[in-house]
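*Asks:* Here you go, one structure.
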Amino acid sequence: MRVLVTGASGFLGRALIAALSSSKHKVRASVRRTSAVEFPIDVAIAPLVDLKSTVDWTQSVDQVDTIVHLAGVAHAGPDIPDALYDRVNHCATAELAAAARRAGVKQLVFVSSVRAQSGPIADHVLTEADEPRPTDAYGRSKLAAESAVRDSGVPFTVLRPVLIYGPGVKGNFAALARLACSWLPLPFGLFHNHRSLLSRDNLVTAVQFVLSRTPSGETYLVADAEPVSLADIIASIRRGLGRSPGLFNMPPSLIRTALLIAGRETLWSRLSGDLVVNPNKLIRAGWRPAGNTKATLSGMAAAWRQIVQA
């Protein structure tokens, strides 16, 4: 299979390229900086202009069977203009989908986000049947991109992953991991909220799974099988580092008050709120998420420990 991967030099793209190449697919990596990362020797490079302006995808999509679209503004943030989210995440995706349809591409796999469906917290377990209710420009741009793919006429599958973790992760989870790696005792012993996470390896296998099937025109939430609490995340990472959890009990109401006084209400929502999704639709289709989230987090931290000690 001839596969184009956009955003190939990113956190997910590098792992996906390696997996597809090892599976003997003919892979074309679309990147803005051709020297940013070393790919397997059999991977072709498709230079890409900045997605902040109109993109002509014609050469990139020429003679490929399938596309996995990862490129975009990857994280929500207060310093990113709404228009940039729309241009990069929505308009560039619409241009890609139109080019793919003209080129006769057999499937476009668009890796969207759970934020196209929900804000950072939800008061019930989410499924694909829930009406999408994004709460910020990032989520709205991803939902608009999904609509553009759906309306383009190209055969497609949409994946909505939850927060992804793995070696080299950036963004919100990286900040949480740095906190867990500190030697500080942390006051999260009473935080028993639940959040769905997704290991990078599981997302890679989910992409490979849908690539192996006839495009469904379906949207799938993607997550590890079991949600975890904030206390679980901290304890699992510290366990992998060979340390005790180091958690003590402080009433969450006190932490909430301190964060509200500091103007960090959004951080409070992320620390204390629930965001659980049910990935059973994709599981019923045949995908099998591997591993246990707590064990995977510990294994990730153990790998960091070995690198530091090397």
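*Asks:* Roughly what % antiparallel, to the nearest 5, for the DSSP beta bridges in the chain? Could the numbers behind the result be given before it?
*Replies:* On the way: 1 of 32 bridges.
In the chain, approximately 5 percent of DSSP beta bridges are antiparallel ones.
*Asks:* Same structure, new question: Sort the following peptides by mean Cβ neighbour count (other Cβ atoms within 10 Å, averaged over residues), highest first: 171-178, 139-146, 189-196.
*Replies:* Details: 171-178: 15.0, 139-146: 23.9, 189-196: 19.0.
Going by the mean number of other Cβ atoms within 10 Å, highest first, we get 139-146, 189-196, 171-178.
*Asks:* Ok, one more. What's the long-distance tail for the range 216-276, i.e. % of Cα pairs beyond 12 Å? Don't skip to the answer; put the middle values down first.
*Replies:* On the way: 1402 of 1830 pairs.
When all Cα pairs of the range 216-276 are counted, 77 percent exceed 12 Å.
*Asks:* With +1 on the Cβ of every Lys and Arg and -1 on the Cβ of every Asp and Glu, and nothing else charged, how large is the dipole of the range 56-198 about its Cα centre, in debye rounded to the nearest 20?
*Replies:* Numbers: 13 positive and 14 negative charges, 60 e Å.
Here the range 56-198 has a charge dipole of around 280 debye.
*Asks:* Expected output is a single nm value to one decimal: the length gained when fully extending between I121 and E265, i.e. 0.36 nm times separation in residues minus the C-alpha distance. What is it? Intermediate values should be presented prior to the final figure.
*Replies:* Details: separation 144, 0.36 × 144 = 51.84 nm, distance 1.26 nm.
Once the chain is fully extended between I121 and E265, it gains 50.6 nm.
*Asks:* Dipole of the chain, Cα-centred, from +1 at each Lys and Arg C-beta and -1 at each Asp and Glu C-beta, to the nearest 20 debye?
*Replies:* Numbers: 34 positive and 24 negative charges, 144 e Å.
Result for the chain is approximately 700 debye, rounded to the nearest 20.
*Asks:* Can I ask one more? Treating cross-link reach as a plain straight distance, find the lysines whose alpha-carbon is under 21 Å from the alpha-carbon of K142, omitting any fewer than eight places away in the same chain.
*Replies:* Qualifying lysines at Cα under 21 Å: K52, K170, K281.
*Asks:* Here's a follow-up. Per 0.36 nm of contour for each residue apart, how much would the distance between L254 and R150 grow if the chain were fully extended, relative to their Cα-Cα spacing? Walk me through the numbers before you get to the answer.
*Replies:* Working: separation 104, 0.36 × 104 = 37.44 nm, distance 4.60 nm.
Between L254 and R150, full extension yields an extra 32.8 nm.
*Asks:* Here is a further query. For a quick check: sort D136, D123, D62 by the number of other beta carbons within 10 angstrom, fewest at the front. Walk me through the numbers before you get to the answer.
*Replies:* Working: D136 17, D123 9, D62 13.
Exposure proxy ranking, most exposed first: D123, D62, D136.
*Asks:* Using the basic label-point model (7 angstrom from Cα toward the beta carbon), what is the K24 to A295 distance in nanometres?
*Replies:* Each label point lies 7 Å from its Cα, and together they span 3.1 nm.
*Asks:* Please work out the Cα center distance from the range 239-310 to the range 145-185, rounded to the nearest Å.
*Replies:* What the calculation gives is 14 Å, centre to centre.
*Asks:* Another question about this same structure. Which of P47, T127, G104 sits farthest toward the positive end of the charge dipole of the chain, with +1 on the Cβ of Lys and Arg and -1 on the Cβ of Asp and Glu?
*Replies:* Comparing the listed Cα positions along the dipole, P47 ranks first.
*Asks:* Taking a cut-off of 20 Å, what percent of all Cα-Cα pairs in the range 142-211 are separated by more than that? Intermediate values should be presented prior to the final figure.
*Replies:* On the way: 1248 of 2415 pairs.
The share of Cα pairs beyond 20 Å in the range 142-211 comes to 52 percent.
*Asks:* Quick check: the angle from helix 171-181's long axis to the longest principal axis of the chain, C-alpha only, nearest 10 degrees?
*Replies:* Value to nearest ten degrees: 40.
*Asks:* Still on this model: Rank by packing, highest mean first: peptides 50-59, 230-239, with packing defined as the count of other Cβ atoms within 10 Å averaged across residues.
*Replies:* Numbers: 50-59: 13.8, 230-239: 22.2.
By packing density, highest mean first, the sequence is 230-239, 50-59.
*Asks:* At a Förster distance of 35 Å, what's the computed FRET efficiency of K281 paired with H192, Cβ-Cβ distance as r, to 0.05? Write down the numbers at each step before the final one.
*Replies:* Values: r = 27 Å, r/R0 = 0.77.
Computed FRET efficiency for K281 and H192: 0.85.
*Asks:* Can you work out the base-10 log of I(q)/I(0) for the chain at q = 0.09, 0.14 1/Å, using the Debye formula on its C-alpha atoms alone?
*Replies:* Ignoring solvent entirely, the Cα scatterers give -0.46, -1.10.
*Asks:* Taking square-rooted eigenvalues a ≥ b ≥ c of the alpha carbon gyration tensor, is the range 1-96 rounded, prolate or oblate, where a/c under 1.5 means rounded and, failing that, a/b exceeding b/c means prolate?
*Replies:* Values: a/c = 2.18, a/b = 1.61, b/c = 1.35.
The shape class here is prolate.
The numbers here are math on the coordinates, done by the rules we state, and not lab data. None of these values were measured; they are calculated from a predicted model. Positions of Cβ are backbone-derived with ideal geometry, glycine not excepted, and every protein chain shown enters the neighbour counts.
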